[in-house]
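Engineer: Have a look at this one.
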Amino acid sequence: MVMLPDGHHLWPMYLDGPEHPQTYVSLCQTTHANVHRMLRAMVKEGAWLPRSKFGTGVSIYAHKIATLGFQAWDAAGRPTK
């Protein structure tokens with residue numbers, strides 16, 4: 001079975017992020033799910049969380065993408081739709 005990549009906005013649109021091609025990355029489905037899981041946890045906590053908080057199996061890359069999303073959302077004043 002071939003897994004097609006998922007599209008992800010670095011600053012997710014559900015957090016009022018812009019829809020610009022420059023903020024779009026392709027991720028495998030597992031990485032995409034992990035990024036959103038980590039980003040939701042950071043938003044809920046209201047703070048950046050280290051990768052160790054998410055257990056084993058979470059890549060450095062996925063954590064970096066979640067961190068970039070959190071930082072963009074935070075720098076924009078933490079908007080919500």
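The values are calculated or read from the model by the stated rules, or taken from the named source; none is laboratory data. Predicted model only: the values in this text are computed from it and were never measured. As a convention, Cβ positions derive from the backbone with ideal geometry for all residues, glycine included, and neighbour counts pool all protein chains shown.
Engineer: Give me the pairs: first residue in the stretch 42-59 and under 17 Å from residue 32 (Cβ atoms), second residue among the aliphatic types (A, V, I, L, M) and modelled with pLDDT of 95 or more, beta-carbon distance under 6 Å, and six or more apart or on different chains, which are they?
Structural biologist: Once the first residue is under 17 Å from residue 32 (Cβ atoms) and sits in the stretch 42-59, its partners that are among the aliphatic types (A, V, I, L, M) and modelled with pLDDT of 95 or more give 42/49; 54/38.
Engineer: Identify all residues within the stretch 4-51 that are at pLDDT 85 or above and charged (D, E, K, R); write none if there are none.
Structural biologist: Listed by number, the residues that qualify are 37, 40, 44, 45, 51.
Engineer: Select, from 56, 23, 80, the only residue that is touching a Leu at 6+ places or on another chain (Cβ under 9 Å) and exposed (fewer than 13 other Cβ atoms within 10 Å of the Cβ). Before you say what the answer is, go through the steps one by one.
Structural biologist: Working: 56 fails: touching a Leu at 6+ places or on another chain (Cβ under 9 Å); 23 fails: exposed (fewer than 13 other Cβ atoms within 10 Å of the Cβ).
The conditions single out 80.
Engineer: Right, another one. Out of all the residues in the stretch 4-18, which are surrounded by 12 or more Cβ atoms within 10 Å (Cβ to Cβ), small (Gly, Ala, Ser) and either free of Cβ contacts under 8 Å to residues at least 40 places away in the same chain or more than 16 Å from residue 78 (Cβ to Cβ) (or both)?
Structural biologist: None; the set is empty.
Engineer: Any chance the stretch 66-80 includes a residue that's among the basic types (Lys, Arg), outside any helix (DSSP H, G or I) and at pLDDT below 90?
Structural biologist: no
Engineer: So in the stretch 26-52, with the set limited to residues that are out of contact with any Pro (no Cβ under 8 Å at 6 or more places or on another chain) and aliphatic (A, V, I, L, M), which one is surrounded by the fewest Cβ atoms within 10 Å (Cβ to Cβ)?
Structural biologist: 47
Engineer: Tell me, please, whether a residue that is free of Cβ contacts under 8 Å to residues at least 12 places away in the same chain and part of a loop (DSSP other than H, G, I, E, B) can be found in the stretch 19-38. Before you say what the answer is, go through the steps one by one.
Structural biologist: Initially, the stretch 19-38 is screened for residues free of Cβ contacts under 8 Å to residues at least 12 places away in the same chain, giving 19-22, 30, 33.
So of that shortlist, the ones also part of a loop (DSSP other than H, G, I, E, B) come out as 19-20.
The answer is yes, given that some residue of the stretch 19-38 is free of Cβ contacts under 8 Å to residues at least 12 places away in the same chain and part of a loop (DSSP other than H, G, I, E, B).
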